[in-house]
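The values are calculated or read from the model by the stated rules, or taken from the named source; none is laboratory data. No experiment lies behind these values; they were computed from the predicted model shown. With ideal geometry, Cβ positions are generated from the backbone for all residues, glycine too; neighbour counts draw on all protein chains shown.
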Amino acid sequence: MNSNKPTLVILAAGIGSRYGGLKQLDTFSPEGDTIMDFSIYDALQAGFGKFVFIIRKNIEEEFREVFNKKLEGKAEVDYVFQEIEHVPDAYKNPERKKPWGTGHALLMAKDAVQENFAIINADDFYGREAFQTMAKALMETDKTSYNFCTMAYLLKNTVSENGYVSRGECQVTEEGYLTDVTERLHIEKTADGIIRKDEEGNTIPISGDTVVSMNFWGFTPKCFEFGTTLFKTFLEENKGDLKAEFFIPSVVNEILHSGIATVKVLQSDAKWFGVTYKEDKIPAQAVITKLKAEEVYPKNLWDNGAN
């Protein structure tokens with residue numbers, strides 16, 4: 001494998017409680033495409049050479065069945081597992097029901113990733129141009145450096161019509177570097193505009209032109225240095241909280257505040273779509289049908305030698 005080819009890490013261990021099922025493998029076209037298929041197809045075209053799926057052990061068989069076939073002969077594939085018990089013994093709690101969040105998932109990929117890599121959500125559609133921009137940035141970055149990046153979107157292009165979503169609100173300098181990212185766990189479209197709710201449940205208006213992260217980050221392997229220490233601190237501070245989650249933005253903020261690393265903001269004007277809620281499925285299917293009709297994608301993604 002060309003060592004300069006970046007890896008794509010896909011966050012697919014989520015339980016999909018708001019969606020009501022395993023949305024990672026739900027299909028959105030008569031040809032049986034998942035949302036991930038489009039990200040993988042675009043990433044292959046853009047020059048990514050390896051795909052690492054972060055999943056739960058109990059869905060490994062289904063994942064291998066679906067993706068090993070599709071990617072055979074096209075790219076290297078690896079699977080890593082995010083489980084509730086993948087924490088030091090002192091912090092294991094049999095009462096905990098959900099994994100520890102995206103930051104914890106990122107750390108699970110540490111041994112599987114030796115190259116520059118991007119990380120994405122399984123259930124978000126990011127657009128081809130975003131993968132091209134990200135691949136180029138990663139290929140031009142020294143993998144021993146602390147030069148990271150993120151693909152940012154305008155909030156108004158990333159909200160669901162069917163309920164609230166989580167987004168990372170980004171503060172960006174005039175030179176295009178990230179200075180801070182805040183995980184907003186409740187952003188919602190209302191009749192009066194877009195609002196967010198704070199931890200106390202207060203409603204605060206938020207501009208549609210706010211720059212947000214959709215969990216599409218570009219890292220060198222150096223990012224793992226920050227995450228491991230930070231996760232230990234997080235576990236110590238949240239010992240008694242069964243629902244506490246460790247998010248990638250926490251790792252990124254640690255990276256930013258360290259003073260030794262930078263995060264360049266790459267912008268995409270693409271209109272995101274994804275599936276947070278069951279009701280998001282029909283509009284997602286409509287977009288996919290349209291993209292295929294316009295021949296942005298072939299009818300059968302994996303019969304056309306996407307290399």
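Quick notes on this structure:
- Pairs where the first residue, in region 217-229, is under 12 Å from Leu106 (Cβ atoms) and the second is of a type in the set (D, E, K, R) and at pLDDT below 95, C-beta under 6 Å, 6+ apart: Phe224/Lys110; Phe226/Glu254
- When Ile40, Ile59, Ile119 are screened for being out of contact with any Cys (no Cβ under 8 Å at 6 or more places or on another chain) and not in a helix (DSSP H, G or I), only Ile119 passes.
- Filtered residue count, region 70-87, keeping only those that are of a type outside the set (Val, Ile, Thr) and touching a residue at least 40 places away in the same chain (Cβ under 8 Å): 5
- When region 238-268 is filtered for residues that are modelled with pLDDT under 90, among the charged types (D, E, K, R) and not in a loop (DSSP other than H, G, I, E, B), only Glu254 remains.
- If the condition is being touching an Asp or Glu at 6+ places or on another chain (Cβ under 7 Å), among the hydroxyl-bearing types (Ser, Thr, Tyr) and assigned to a strand (DSSP E or B), then region 182-227 contributes only Thr182.
So that you can scan it fast, the table gives a plain yes or no per residue for (1) of a type in the set (Asp, Glu); (2) surrounded by 15 or more Cβ atoms within 10 Å (Cβ to Cβ); (3) at pLDDT 85 or above; (4) more than 22 Å from Ala284 (Cα to Cα):
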residue	(1), (2), (3), (4)
Asn58	no, no, yes, yes
Phe67	no, yes, yes, no
Tyr79	no, yes, yes, yes
Gln82	no, yes, yes, yes
Pro94	no, no, no, yes
Lys97	no, no, no, yes
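- The C-beta contact set for region 88-115 (first residue at positive phi and touching a residue at least 40 places away in the same chain (Cβ under 8 Å), second residue assigned to a loop (DSSP other than H, G, I, E, B) and surrounded by 21 or more Cβ atoms within 10 Å (Cβ to Cβ), distance under 9 angstrom, 6+ apart or interchain) comprises Gly101/Phe246; Gly101/Phe247.
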